[in-house]
Each structure stands twice: as structure tokens, then as C-alpha cells.
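Contents: one structure, followed by commentary.
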Amino acid sequence: NAGVTQTPKFQVLKTGQSMTLQCAQDMNHNSMYWYRQDPGMGLRLIYYSASEGTTDKGEVPNGYNVSRLNKREFSLRLESAAPSQTSVYFCASSERGQGVANYGYTFGSGTRLTVV
Amino acid sequence: DAKTTQPPSMDCAEGRAANLPCNHSTISGNEYVYWYRQIHSQGPQYIIHGLKNNETNEMASLIITEDRKSSTLILPHATLRDTAVYYCIVISYMNSGGYQKVTFGTGTKLQVIP
């Protein structure tokens, strides 16, 4: 049971380069999320997708774009990377829930991105 | 979304119970309390959740006050591997099948001491 899979695990970019972080889940969850975590800080929501075909901005969307390719996949794109985007990026998914038989979020293992 | 307040750090002796408090005074009736932990820089891991009754699983116990304004996560016999950051969050379940959008704070850094 893979859960949420993120690729790549590590990446170093030069300022101005672009890249796409990939995320896929195999739990048939409706909702998917991208977070970033900076040293000593909590998780901050970048973008989320409530369901296939919809995306919305979170707390810190500037400099990012997302695509909900299908129900399984939600990608995060940095069009022109900046040093301020150096961070650990986590993808998560959740099931639209009713009742207690729900485990909230399932997280991937993260992508460690350094922009130099 | 209701916000939560947690102490930034706590220490616990190995083998003793670790009691991690969380304040969620603005919680509403359809919001559940969830606890996650993050070890090193791995992705947060689900621990336990509850609505108003106390809950227990193989990892921990969750005690929710009667007014639901606060809760305590209990790790009954803390080990060194329980050293982590623990997040308390609230999640709303909308009957119409709405989505969850939750803000994680900075959590409590629990240090288990040998």
C-alpha cells in the first residue's frame, strides 16, 4: 500500500529554472494538497484540490501553479524558481468524509528543494 | 476553521507518560480533533482523532474535555522513538461532502529523555 508518492525526493535548482513536483495517491481520495515547510515552521498550504477538476489557492500560492491531472495525480510547478522557495514540500490527500471512519490527511514523504 | 494552540516544546522521561495539551476554544460542533506527529523531516503521520468521546488506539489516548475546548494526547509509555513534533488540528466534516482545508500550526516538539 503505497499511499501518497512524491517525486523527486531531492532537487537542486538554479534561480530562474522551472520544475514540476509530482504527487500521486492510490487511495481513491477526492482531495489533494500541497504544503511547504520551512525550518522551525509549521506546514503552510500552497494549493489544494477539493476534487478532480478543481484547484484553489491556499495561504502561500505566489510563485506556484498546480494541475490536478486526474483523481490520482496533483502536480506543483515552479515556473521560475527563487531562493525563497527553498523548502520541503509535502503532498497530502484526504477523503471527503462523513463520520469517524476517516483518517484525515495522508502525507507523502516530502521533496527537499534547494534553489541556489 | 478552528485554530489550535499548543506549547512549543515539552520534555518527557523515557518510560513515563507524555501528556500533550491542545487548546481549541473556537471548535464548532462538526469539527473533529486530530493529532499527527512528524519525526525528523518525514511527512506527518496520523495518530488518533475524536469528536467528543475519549479515544484510545495502539499508539495513544485522546482525552477531550466535556466542553470540547481542549484536549490532551497521552502517550502512555514514551520511548526515544516518540521524539517528534506533535500537531493538533481540527477538521470539519461537511454533510454535503465538502472538502477539508486545515491549517497546521507549529505543534509541540516532544523530547523524550533517556
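No lab work stands behind these numbers, since they all come straight from the coordinates. These numbers come from a predicted model, not from an experiment. Methodologically, a virtual Cβ is constructed for each residue, glycine included, from the backbone with ideal geometry; neighbour enumeration extends over all protein chains shown.
Below is a table of values for the structure above.
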read-out	value
B:Ile74, B:Ile47, B:Ile89 arranged by Cβ crowding within 10 Å, fewest neighbours leading	B:Ile74, B:Ile47, B:Ile89
Choice from A:Met19, A:Met41, A:Met32 showing the highest fluctuation, given a GNM over chain A with Cα pairs closer than 10 Å	A:Met41
Max mean-square fluctuation residue, GNM over chain B, Cα-Cα springs under 10 Å, options B:Cys88, B:Cys22, B:Cys12	B:Cys12
Alpha-carbon spread of the protein assembly as shown, three principal axes, descending order, Å	50, 45, 33
Candidate aspartates and glutamates - alpha carbon under 19 Å from A:Lys71, same-chain residues fewer than 8 apart omitted	A:Asp26, A:Glu52, A:Asp56, A:Glu95
Residue (of A:Phe107, A:Gln25, A:Ser87) at the positive-pole extreme of chain A, dipole from beta-carbon charges	A:Ser87
Orientation-averaged projected area, Cα convex hull of chain A (nm²)	7.2 nm²
Segment A:21-83 and segment B:1-73: distance between their alpha carbon centers, rounded to Å	25 Å
Gyration tensor (Cα) of chain B, equivalent ellipsoid semi-axes in angstrom	24, 15, 12
Under 18 Å from the Cα of A:Lys14 - aspartates and glutamates, other chains or at least 8 residues apart	A:Glu79
Exposure proxy ranking, count of Cβ atoms within 10 Å, fewest first, for A:Phe10, A:Phe90	A:Phe10, A:Phe90
Cα Rg, Dmax, segment B:1-66, angstrom units	12.8, 36
Interchain or long-range residues, amide H under 5 Å from B:Lys109's placed H	B:Ser9, B:Met10, B:Tyr86
Residue among B:Val102, B:Val90, B:Val33 with the largest mean-square fluctuation in a Gaussian network model of chain B, springs linking Cα atoms under 10 Å	B:Val102
